[in-house]
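What follows is a short report on a single structure.
The values are calculated or read from the model by the stated rules, or taken from the named source; none is laboratory data. Predicted model, so just to flag it, every value in this text is computed and none were measured. Note that we place each Cβ from the backbone using ideal geometry, even for glycine, and neighbour counts take in every protein chain shown. Areas reflect the complete protein model, heavy atoms only, side chains present, ligands, DNA and RNA absent. Shrake-Rupley method; radii C 1.70, N 1.55, O 1.52, S 1.80 Å.
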Amino acid sequence: MTSKPENIQKAADALYQAHKAKTPCDPIRDLLEDGDVDGAYAVQETNTRRWLAEGRKLVGRKIGLTSVAVQQQLGVDQPDYGMLFADMAIAEGEEMPLGALLQPKAEAEVAFVIGKDLTDEQMTLSDLISAVEYALPALEIVDSRVADWNIRILDTVADNASSGLYVLGAQPVKLDGLDLRTCGMVMSLYGEPVSTGVGAACLGHPLNAALWLAKTMARVGRPLSAGDQIMSGALGPMVTASPGDVLEARIEGLGSVRAAFAKE
């Protein structure tokens, strides 16, 4: 069933206010019809338009739920997507501002930067590969405006795929010669490993995830443009981040990226 427009607006308002006030809200799933993922995306789009009207700038997209285990946990059979805004990007070496986050967790990912517009929803993997300018190691700091991470699929989709901030490595790497399917990842906290993974954990290959995203974005009317960034999804388990933490992810073939969280 389709959710009522007034309930879509109520859900969007709740998440918007939680973001602005930096105070988590209750889950919004009960405002929507059971299983109405399209309604949850309508909530996300409502707030995307609101943010753009307020001057935020879109610089890319992110993919969530690339792990089959997490998909099964939330009762879905495909990933989800969210918007990347310019003010979500944190330069490597710059501290993560605590005031921008509610309940952060970190994921290590492969990021892609696109060199041409991707408007064809029937594009192939080779079309995507030819459009990728370079890849980067990345840390996504996921966050939730829903209290205690009490989320289901409708909550996370509506909440911009539980987006927060992200950090990109500063050394671009061309795809030539990279094996992103078998690349290993280790995320460390103060030098101690806290998460490990491999490229194949991301829908079998990070480029598979990026292709799904590019085709989906073309279909829903927000196609990727030249210069856009793609956060292609987690390579391993996410890690809770605390004030003062310093996390570093090293991805085979791509190098490393570091995120430092401000102290209280």
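From Ala91, Ala100, Ala53, Ala86, grab the single residue that is among the small types (Gly, Ala, Ser), farther than 24 Å from Glu248 by Cα and surrounded by fewer than 19 Cβ atoms within 10 Å (Cβ to Cβ).
Of the residues listed, the single one that is among the small types (Gly, Ala, Ser), farther than 24 Å from Glu248 by Cα and surrounded by fewer than 19 Cβ atoms within 10 Å (Cβ to Cβ) is Ala53.
If I filter segment 190-216 down to residues being open to solvent by 40 Å² or more (accessible area, probe 1.4 Å) and under 13 Å from Pro237 (Cβ atoms), which single residue comes out as farthest from the chain's Cα centre (by Cα)?
Per the stated criteria, the residue is Pro193.
Take the conditions over 21 Å from Lys22 (Cβ atoms), open to solvent by 10 Å² or more (accessible area, probe 1.4 Å) and modelled with pLDDT of 95 or more and apply them to Leu175. Does it pass?
yes
How many residues, within segment 11-32, are of a type in the set (D, E, K, R) and crowded, with 16+ Cβ neighbours inside 10 Å?
The total comes to 2.
What are the pairs, 6+ residues apart or on separate chains, where a residue within segment 191-215 that is closer than 18 Å to Glu248 by Cβ has its Cβ under 9 Å from a residue that is crowded, with 21+ Cβ neighbours inside 10 Å and among the charged types (D, E, K, R)?
That search, which allows pairs on different chains as well, returns Ser195/Glu107.
Do you know which residues across segment 133-160 are part of a strand (DSSP E or B) and open to solvent by less than 20 Å² (accessible area, probe 1.4 Å)?
Within segment 133-160, Ala135, Leu136, Pro137, Ala138, Leu139, Glu140, Ile141, Val142, Val146 qualify.
Give the residues of segment 15-36 that are touching a residue at least 24 places away in the same chain (Cβ under 8 Å) and touching a strand residue (DSSP E or B) at 6+ places or on another chain (Cβ under 8 Å), sorted by residue number.
Leu15, Ala18, Pro24, Cys25, Asp26, Pro27, Ile28
So is Val146 in contact (Cβ under 8 Å) with a residue 60 or more places away in the chain and touching a Pro at 6+ places or on another chain (Cβ under 7 Å) or not?
It is true that Val146 is in contact (Cβ under 8 Å) with a residue 60 or more places away in the chain and touching a Pro at 6+ places or on another chain (Cβ under 7 Å).
Taking the conditions exactly as written (over 20 Å from Ala147 (Cα atoms) and of a type outside the set (A, V, I, L, M)), does Lys20 satisfy them or not?
no
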